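Peer 1: Once you've had a glance at the structure underneath, I'll fire off some questions.
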Amino acid sequence: MNKPKIIIYLSVIALLALLTIGYYALAFSQQAEFEQAARATATARAAHPTEKPAPVSFDSSQAYADVQTQVAFGARTPGSAAHAQVREWLRAELESAGWSVEIQEASRLGHPIFNLIAKRTDEAPQIILGAHYDTRLLADNDADSLNKTKPGPGANDGASGVAVLLELARSLPKDTVPVWLVFFDAEDQGRLEGWDWILGSQVFVDELKTPPRAAVIVDMIGDANLNIHFEKNSDSQIRQEIWESAASLGHGDVFIPTEKFSMLDDHTPFLNKGIPAVDIIDFDYPDWHTAQDTPDKVSAKSLGAVGETLWLWIVNQKP
Ligand SMILES: [Zn+2]
């Protein structure tokens, strides 16, 4: 063999070797990619174990009727007859749905506070759902100066959140993780002489023995034109889960996954204590704290979108 021939042979061998290495390298990287995809699917299944959940059961017309019932009692301002009546009505409705009810009594800034706590087992709660049942003493956002001196009806601000919690009490399956439903007093009296915001939820959190894995507050969620953005202070992982539950039910038009408002609300005392909490609220409501916050501004469809979403999110929680 002469020199040029050896060079040609060596070149051919080198080329073949390169092709072989290339082939195996490609096959190996495809296998790795496949394994990575399989791992991602397994993780997604673990995070969302119920891909085909039982059909959501939430009677939105019943929830709407519960808004009308609360408004018919009159303004549920602290100390009023309607305030005591709505509490007794709630207790009766919750007990007939199989929940036991405790009234938590305390005093803040010289005012008696009555929170209503509903549970189905003796276990510590893993999920706490909350809404305020009081309405504001003055409709001080009303354009009419006479209306400003009186309380408003609180159909969306007050009654809507209570209605969704009450219908969840009737419709949630019994085998969910332990849930407490808490109806907070005295949320809505801030910037009034001798009062502050969120007094009831502050009492509740002060006395809470075992922290839940999450607290979710619903407030002003009945607006017929409902757009619920991420609330800025809320726990980002839990709000993401809830908004994904909404999207999976076709409520992505209501639950919009971008931040808008930053709220002081009944989730605040939980966050201050290090408990992951989310505020579900549409603060873009023209009739807020006015005499026009009436049931015709609220829709069964909106109450249903929020109720179904929470129903699904809770049913998907695993111990
Ligand atoms: Zn309010």
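Conditions (1) under 29 Å from P276 (Cα atoms); (2) among the aliphatic types (A, V, I, L, M); (3) modelled with pLDDT under 95, marked per residue:
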| site | (1), (2), (3) |
| --- | --- |
| G98 | yes, no, no |
| E102 | yes, no, no |
| E123 | yes, no, no |
| L146 | no, yes, no |
| V162 | yes, yes, no |
| L165 | yes, yes, no |
| L168 | yes, yes, no |
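Peer 1: Could you please give the count of residues in segment 192-243 that are charged (D, E, K, R) and either in contact (Cβ under 8 Å) with a residue 60 or more places away in the chain or not assigned by TED's automatic domain parsing to the domain that holds D266 (or both)?
Peer 2: Residues of segment 192-243 charged (D, E, K, R): 193, 196, 206-207, 209, 213, 219, 223, 231-232, 235, 239, 241.
Checking the rest, the ones that are also either in contact (Cβ under 8 Å) with a residue 60 or more places away in the chain or not assigned by TED's automatic domain parsing to the domain that holds D266 (or both) come to 196, 206-207, 209, 213, 219, 223, 241.
Matching residues across segment 192-243 total 8.
Peer 1: I'd like to check something: does segment 130-142 contain any residue that is in contact (Cβ under 8 Å) with a residue 24 or more places away in the chain, closer than 13 Å to R76 by Cα and among the basic types (K, R)? Outline the logic, then answer.
Peer 2: Quick first cut of segment 130-142, residues in contact (Cβ under 8 Å) with a residue 24 or more places away in the chain only: 130-142.
Subset that is closer than 13 Å to R76 by Cα: 132-139.
After this cut, where a residue has to be among the basic types (K, R) as well, the list is 136.
Yes - at least one qualifying residue is present in segment 130-142.
Peer 1: Limited to segment 305-319, what total is found for residues that are in a helix (DSSP H, G or I) and over 13 Å from the mean Cα position of the chain (by Cα)? Explain how you work it out, then say what you get.
Peer 2: Keep residues of segment 305-319 that are in a helix (DSSP H, G or I), which gives 305-315.
Now restrict to residues that are over 13 Å from the mean Cα position of the chain (by Cα): 315.
Qualifying residue count, segment 305-319: 1.
Here's the yes/no breakdown for (1) over 29 Å from T77 (Cβ atoms); (2) among the small types (G, A, S):
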position	(1), (2)
G194	no, yes
L199	no, no
A215	no, yes
A224	no, yes
S248	yes, yes
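Peer 1: Scan segment 60-102 for residues that are β-branched (V, I, T) and assigned to a helix (DSSP H, G or I) and report the count.
Peer 2: As a first pass, look at segment 60-102 and keep what is β-branched (V, I, T): 67, 69, 71, 77, 86, 101.
Within this subset, residues satisfying the condition of being assigned to a helix (DSSP H, G or I) are 67, 69, 71, 86.
Qualifying residue count, segment 60-102: 4.
Peer 1: Also: Report, by residue number, each residue of segment 164-180 that is touching a Pro at 6+ places or on another chain (Cβ under 9 Å) and surrounded by fewer than 21 Cβ atoms within 10 Å (Cβ to Cβ).
Peer 2: Our first condition is that a residue be touching a Pro at 6+ places or on another chain (Cβ under 9 Å); within segment 164-180, this holds for 177-180.
Those that are touching a Pro at 6+ places or on another chain (Cβ under 9 Å) and surrounded by fewer than 21 Cβ atoms within 10 Å (Cβ to Cβ): V177, P178.
Peer 1: Could you figure out which of (1) over 20 Å from L129 (Cα atoms); (2) within 15 Å of the chain's Cα centre (by Cα) isn't true of P295?
Peer 2: (2)
Peer 1: Additional query: Restricting attention to segment 104-150, which residues are among the acidic types (D, E) and assigned to a strand (DSSP E or B)?
Peer 2: Here is the first cut: in segment 104-150, the ones among the acidic types (D, E) are 105, 122-123, 134, 140, 142, 144.
E105 - this is the single residue of segment 104-150 that is among the acidic types (D, E) and assigned to a strand (DSSP E or B).
Peer 1: Going by what's in this entry, would D142 be described as within 16 Å of the ligand (Cβ to nearest atom) and more than 19 Å from the chain's Cα centre (by Cα)?
Peer 2: yes
Peer 1: Can you tell me which residue among G161, G154 is under 19 Å from A65 (Cβ atoms), buried (at least 24 other Cβ atoms within 10 Å of the Cβ), within 16 Å of the ligand (Cβ to nearest atom) and over 16 Å from the mean Cα position of the chain (by Cα)?
Peer 2: Numbers: G161 fails: over 16 Å from the mean Cα position of the chain (by Cα).
Unique residue meeting the criteria: G154.
Peer 1: Pull out all pairs, ordered by first then second residue, where Cβ-Cβ is under 8 Å, the residues are six or more apart or on different chains, the first lies in segment 80-107 and is at positive phi, and the second is modelled with pLDDT of 95 or more and surrounded by 13 or more Cβ atoms within 10 Å (Cβ to Cβ).
Peer 2: Close Cβ pairs satisfying both conditions: G98/R120.
Peer 1: What number of residues in segment 263-291 are touching a Pro at 6+ places or on another chain (Cβ under 9 Å) and either within 15 Å of the ligand (Cβ to nearest atom) or not assigned by TED's automatic domain parsing to the domain that holds I128 (or both)? Outline the logic, then answer.
Peer 2: So the first thing to find is which residues in segment 263-291 are touching a Pro at 6+ places or on another chain (Cβ under 9 Å), and the list is 270, 273-277, 291.
Applying the additional criterion that residues be either within 15 Å of the ligand (Cβ to nearest atom) or not assigned by TED's automatic domain parsing to the domain that holds I128 (or both) yields 291.
Residues meeting the conditions: 1.
Peer 1: Taking strands (runs of 3 or more DSSP E) that do not extend beyond segment 179-256, which have at least 3 residues that are within 16 Å of the ligand (Cβ to nearest atom)? Lay out the reasoning, then the answer.
Peer 2: Values: elements: 179-184, 214-219, 228-230.
Qualifying strands (runs of 3 or more DSSP E): 214-219.
Peer 1: Output the residues belonging to segment 198-217 that are farther than 13 Å from N272 by Cβ and surrounded by fewer than 22 Cβ atoms within 10 Å (Cβ to Cβ).
Peer 2: Within segment 198-217, the first condition is being farther than 13 Å from N272 by Cβ, and the residues that meet it are 199-200, 203, 207, 209-210, 212-214, 216-217.
Within segment 198-217, E207, K209, T210, P212, R213 qualify.
Peer 1: Does L271 meet the test of being assigned to a helix (DSSP H, G or I) and among the aliphatic types (A, V, I, L, M)? Write out each step before concluding.
Peer 2: On the way: assigned to a helix (DSSP H, G or I): yes; among the aliphatic types (A, V, I, L, M): yes.
Considered against the rule, which asks whether it is assigned to a helix (DSSP H, G or I) and among the aliphatic types (A, V, I, L, M), L271 comes out as yes.
The values are calculated or read from the model by the stated rules, or taken from the named source; none is laboratory data. Every value quoted in this text rests on a predicted model; they were computed, and no experiment measured them. When we count neighbours, we look across all protein chains shown, and the Cβ atoms used for this are built from the backbone with ideal geometry, even at glycine.
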